[in-house]
Amino acid sequence: MAKFALLVGVSEYEPGLTPLPSASRDVEALKQVLIHPEMGGFAAADVTVLTNPQRQMMETAIYKLFANRQKNDLVLFYFSGHGVKDENRNLFLSSGETSLEHGRLVTPTAVAARFLHDSMNGSKSERQVIILDCCFSGAFPDGLAAKDDGSVDIQAQLGSKGRAILTSSTSTQYSFEQEGSDLSIYTRYLVEGIEKGTADQDEDGWISADELHNYASSKVLEAAPAMTPQFYPVKEGYRIRLAKAPVDDPKLKYRKEVKRLENQGRFSIPARRLLNSQRTQLQLSLEVAEAIEAEVLQPYREFQRKLQEYEETLQECVKAEYPLSERTLNDLQDYQQHLGLRNEDIAPIEAKIIAPLAATSPPALISKKEERTSPFPRREGGLEGLGQFEFDVVTVNSEGEETNRRRGQAEYFTADLGNGITLDMVSIPGGEFLMGSPKSELERRDDEEPQHKVTIQPFFMGKFQVTQAQWQAVAALPKINYDLEPDPSNFKGVNRPVEQLSWLDAVEFCGRLSQKLGREYCLPSEAEWEYACRAGTTTPFHFGETITTDLANYDGTDFEHEGTVYLGSYDRGPKGIYRKETTDVGSFSVANAFGIYDMHGNVWEWCLDHWHDNYQGAPNDGKARLIDNDNDNHVRLLRGGSWVGHPRNCRSAYRIGCAPVNRDFNLGFRVVCSPARTP
């Protein structure tokens, strides 16, 4: 039984690939914690470090790492450098000689992920850990077969057998270096988790593969939310023990208290006094305590610094030119990527800076070549102008644990429906997004493909699903085409979503509302709905890689029907509860980055489109996809999932068809409007 590691860092590249100075430092830093006798416990002679190697040298070292190993041996492979995809979207790990021709990878100069796959599969070792700190690293597990050649006793020093693959990003994301740090973002926190012992989440004195990943991932998501580290255990690989941790270290105890009491980079007065007391009890100096606090708060403060930098940059841009040119917009997108910020992170900033200009900019700021009108109504329902509101936006990790909570801001107007009943309509900025799901998304279906780029114009969407109070107010208005039941809902409550509605009912509601308010209201197109739901995210849910019943109303329990088990959890997320009824709109007190509530679960939401089996031939302008005839019997679209459905049905890309005359106690809707719409 032994432990072997190969650490590869590639910092220097041929022209066409950006140098990565941190990569060579990454491998040295990781080596030091691995060979430390009180941390990793690897023998120094069994840890091989390659800096800027040629491809053949890398492949030879990988072969030697996995060959001639025994079942009980722990084998660790780590790579820091550029991850590059070829024309077939296969992942390659760069070497010191990797080059591009006309922007395309010269594949013989890089190590194919398949070579690493084959080396792993050919090894007798049943404890394999792969750590990839590179772009597109989440593509590595694709095609990796699980290996099982018999049982083996679990050794106390190494934990369970299996494989653990830790990646700094998803299959489509970039990884980032961190300004002001010698190490890349992901590796910095891997090293910190081992060196400080902070990755030992269950305080058993050992740091397992999943604990190390969870720690590093949570810190990365605080500092650079556009990176989403991934963890892929095979068999019980998540329990592989990588390092020791000091159980009774006073510094570690204080660090955990700091993390527990910190709230958005600050401490309340009681928390501050509690920490002072803890510091005294643990006999830590003020200097040591302050250093620990600075380390714990650094990711949050780094994220806030990036947001401030982006806001200052955007303000300078709009002062120099407005509307922004296409070149400036492209440069802003590059800068956003450089900072590691997601679209949902910058959406409130852009709403704060751009929206007022779009509505009130003096002519001097508007291009003479393009006369623009405000995308926002100046008067609606008797109320003047647009207001602003704040809301909480939550991000969870792949286990469903909250990793980030921030305050967002959006603009809206309030429509007066009479008798004290109002309808809040939130401003949704225009933009582009990829509609549908990638093939790698868990539980995805063929009708969610092909993914395609769609351009959406600005519009307004209901902050909430239409409530029973709002329904009753509009149902009392003069008839357009159909009679409306004033109180159709099965689950009663003025602030619960109205349900047991057909598509025809929802369209009649929109017609009556439009007639009252003098502006066209309608159901969203399917593209508008998904764009508003995602709010800049590309994950299965706008919360992240999974969802929990603490954040949305769906069936969080397992259910078996005719031999098929429908899971109450999604991916590695937790199971939850089954409320068996609707909940008041907005009752979870969290919105997406656009300020829209309850896009996942509660009630299905009707869309304007006719059902199509896939997106072949779908429009790219965000308009509803309709069958060209007057037959209202064609199947229509539903989105969002419901209280009675399971989490996979709540995904941003999930879609189902339903006859327009159907009514059920999980069918509801919300409305949209836009100055660009015509009746």
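Within region 53-74, take every residue that is in contact with a helix residue (DSSP H, G or I) (Cβ under 7 Å, 6 or more places away or on another chain) and either modelled with pLDDT under 95 or not β-branched (V, I, T) (or both) and give me the one that is most open to solvent (accessible area, probe 1.4 Å).
Y63
So for region 225-233 (the condition being open to solvent by less than 20 Å² (accessible area, probe 1.4 Å), assigned to a helix (DSSP H, G or I) and either in contact with a strand residue (DSSP E or B) (Cβ under 6 Å, 6 or more places away or on another chain) or not aliphatic (A, V, I, L, M) (or both)), does at least one residue qualify?
Within region 225-233, not a single residue is open to solvent by less than 20 Å² (accessible area, probe 1.4 Å), assigned to a helix (DSSP H, G or I) and either in contact with a strand residue (DSSP E or B) (Cβ under 6 Å, 6 or more places away or on another chain) or not aliphatic (A, V, I, L, M) (or both).
So, of the residues in region 309-352 that are of a type in the set (G, A, S) and part of a loop (DSSP other than H, G, I, E, B), which turns out to be surrounded by the most Cβ atoms within 10 Å (Cβ to Cβ)?
By that ranking, first place goes to G340.
Name the single residue that is farthest from L50 (Cα to Cα) among those in region 75-117 being surrounded by fewer than 16 Cβ atoms within 10 Å (Cβ to Cβ) and over 31 Å from the mean Cα position of the chain (by Cα).
Step by step, filter region 75-117, then rank; the result is H102.
Answer yes if at least one residue in region 569-592 is over 22 Å from the mean Cα position of the chain (by Cα), open to solvent by less than 60 Å² (accessible area, probe 1.4 Å), farther than 30 Å from P229 by Cα and among the acidic types (D, E), and no otherwise.
No; the residues of region 569-592 include none that is over 22 Å from the mean Cα position of the chain (by Cα), open to solvent by less than 60 Å² (accessible area, probe 1.4 Å), farther than 30 Å from P229 by Cα and among the acidic types (D, E).
Got a sec? Which of R104, R127 is out of contact with any helix residue (DSSP H, G or I) (no Cβ under 9 Å at 6 or more places or on another chain) and of a type in the set (K, R)?
Sole residue among the options that is out of contact with any helix residue (DSSP H, G or I) (no Cβ under 9 Å at 6 or more places or on another chain) and of a type in the set (K, R): R104.
Residue-wise test of (1) within 30 Å of Q451 (Cβ to Cβ); (2) modelled with pLDDT under 95; (3) within 15 Å of the chain's Cα centre (by Cα).
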site: F509; (1), (2), (3): no, no, no
site: L517; (1), (2), (3): no, yes, no
site: C522; (1), (2), (3): yes, no, no
site: S525; (1), (2), (3): yes, no, no
site: R534; (1), (2), (3): yes, no, yes
site: H542; (1), (2), (3): yes, no, yes
site: I547; (1), (2), (3): yes, no, yes
site: N553; (1), (2), (3): yes, no, no
site: T564; (1), (2), (3): yes, yes, no
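Please go through region 111-129 and give me each residue that is basic (K, R) and not in a loop (DSSP other than H, G, I, E, B), ordered by number.
If the condition is that a residue be basic (K, R) and not in a loop (DSSP other than H, G, I, E, B), then R114, R127 are the ones that fit.
Is it true that some residue in region 247-256 is at pLDDT 80 or above and either more than 30 Å from I165 (Cα to Cα) or open to solvent by 40 Å² or more (accessible area, probe 1.4 Å) (or both)?
No - not one qualifying residue is present in region 247-256.
One line per residue, one yes/no per condition, for (1) surrounded by fewer than 18 Cβ atoms within 10 Å (Cβ to Cβ); (2) farther than 23 Å from I656 by Cβ; (3) over 35 Å from the mean Cα position of the chain (by Cα):
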{"position": "T414", "(1), (2), (3)": "yes, yes, no"}
{"position": "L417", "(1), (2), (3)": "no, yes, yes"}
{"position": "I456", "(1), (2), (3)": "no, no, no"}
{"position": "F464", "(1), (2), (3)": "no, no, no"}
{"position": "Q468", "(1), (2), (3)": "no, yes, no"}
{"position": "N490", "(1), (2), (3)": "yes, no, no"}
{"position": "V494", "(1), (2), (3)": "yes, yes, no"}
{"position": "Q500", "(1), (2), (3)": "no, no, no"}
{"position": "W503", "(1), (2), (3)": "no, no, no"}
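Of the conditions (1) touching a helix residue (DSSP H, G or I) at 6+ places or on another chain (Cβ under 8 Å); (2) on the phi < 0 side of the Ramachandran plot; (3) at pLDDT 95 or above, V603 fails just one. Which one is it?
(1)
Residue by residue through region 75-113, note down the ones that are of a type in the set (D, E, K, R) and at pLDDT below 90.
Within region 75-113, K85, D86, E87, R89, E101, R104 qualify.
Between a first residue in region 284-307 that is modelled with pLDDT under 85 and a second residue that is surrounded by fewer than 14 Cβ atoms within 10 Å (Cβ to Cβ), which pairs have beta carbons less than 8 Å apart while being 6 or more apart in sequence or on different chains?
So the pair list comes out as Y300/Q264.
Mind checking which pairs have a first residue in region 457-470 that is in a strand (DSSP E or B) and a second that is among the β-branched types (V, I, T) and open to solvent by 20 Å² or more (accessible area, probe 1.4 Å), Cβ under 8 Å, 6 or more apart or different chains?
Short answer, once both residue conditions are applied: T467/V494; T467/V585.
Which residue pairs have Cβ atoms under 6 Å apart, sit 6 or more places apart or on different chains, and have a first residue in region 161-174 that is closer than 17 Å to K439 by Cβ and open to solvent by 10 Å² or more (accessible area, probe 1.4 Å) and a second that is at pLDDT below 65 and among the hydrophobic types (A, V, I, L, M, F, W, C)?
S171/A139
Restrict the check to region 529-541 and report whether at least one residue is touching a Phe, Trp or Tyr at 6+ places or on another chain (Cβ under 8 Å), surrounded by fewer than 24 Cβ atoms within 10 Å (Cβ to Cβ), of a type in the set (F, W, Y) and closer than 28 Å to Y412 by Cα.
Looking through region 529-541, none of the residues is touching a Phe, Trp or Tyr at 6+ places or on another chain (Cβ under 8 Å), surrounded by fewer than 24 Cβ atoms within 10 Å (Cβ to Cβ), of a type in the set (F, W, Y) and closer than 28 Å to Y412 by Cα.
The values are calculated or read from the model by the stated rules, or taken from the named source; none is laboratory data. What you are looking at is a predicted structure, and each value in this text was computed from that prediction instead of being measured. Neighbour counts run over all protein chains shown; Cβ positions are idealised from the backbone, glycine included. For accessibility, only protein heavy atoms count, side chains too; no ligands or nucleic acids. Shrake-Rupley method; radii C 1.70, N 1.55, O 1.52, S 1.80 Å.
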